[in-house]
1. Quick one: which strands (runs of 3 or more DSSP E) sit completely within the range 93-159 and have at least 2 residues that are open to solvent by less than 40 Å² (accessible area, probe 1.4 Å) and out of contact with any Phe, Trp or Tyr (no Cβ under 6 Å at 6 or more places or on another chain)?
2. Before we move on, is T174 part of a strand (DSSP E or B), surrounded by fewer than 13 Cβ atoms within 10 Å (Cβ to Cβ) and either of a type in the set (D, E, K, R) or in contact (Cβ under 8 Å) with a residue 24 or more places away in the chain (or both)?
3. Looking at the range 62-92 only, could you name the residues that are surrounded by 10 or more Cβ atoms within 10 Å (Cβ to Cβ) and either closer than 16 Å to G166 by Cα or at pLDDT 50 or above (or both)?
Amino acid sequence: MNSTLCSRCVKAIGAGALSVALLSAGTAGAFAASPGAASPSPKPSMTGSAKPTKTGSAKPTKTGSAKPTKTGSAKPSMTGNASRSPMTNGSISSKASKSQVIAGQSVTLTGRAKGLKVGTKLQLQHMTNGKWTFLKSTTTLKNGSSYSLTAKLNARGRQQLRVMAGEIASPTVTVTVK
């Protein structure tokens, strides 16, 4: 019984020694093969100042008159890649008077607007070749924030219409022209 216990211990120690040797060799080989092992990696360094620089003055200046003049605009600029959704400042509802018309007949779009001033110009658009184009029909927003636009539709087929006020668009209304 002692001999079997002793041989099992020797086998276990041998297996452990072999595992340690293989792991050490594998780690050493992997370390030697890595490109960063030969030289230390560079360390980041500060090369400039992180402080903002002042390029101009936003204060009003006097130019010989008693009133100060502005040198810049207080409104934010909307140029560049600023993305605005069509429903940014308000909303427009829209409903067609008829869902089907004969070519050459008129259709009237009516609705209400929220978040727009009375007197705002509204324009009618339709989808042509995948692009929204303006029709000649325009109106202004009336008291009570309501509007009414009439347009003559000549092109046969399904016409997609919407009402625009600046960048605000109504939902699309479809009218079939026969």
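The values are calculated or read from the model by the stated rules, or taken from the named source; none is laboratory data. Just so it is clear, the structure is predicted and the values come from calculations on it, not from any experiment. Neighbour counts run over all protein chains shown; Cβ positions are idealised from the backbone, glycine included. Surface areas here come from the heavy atoms of the whole protein model, side chains and all, with no ligands, DNA or RNA. Shrake-Rupley method; radii C 1.70, N 1.55, O 1.52, S 1.80 Å.
1. 106-114, 121-128, 146-152
2. On the way: part of a strand (DSSP E or B): yes; surrounded by fewer than 13 Cβ atoms within 10 Å (Cβ to Cβ): yes; either of a type in the set (D, E, K, R) or in contact (Cβ under 8 Å) with a residue 24 or more places away in the chain (or both): yes.
Yes, satisfied.
3. Selection gives R84, P86, M87, T88, N89, G90, S91, I92.
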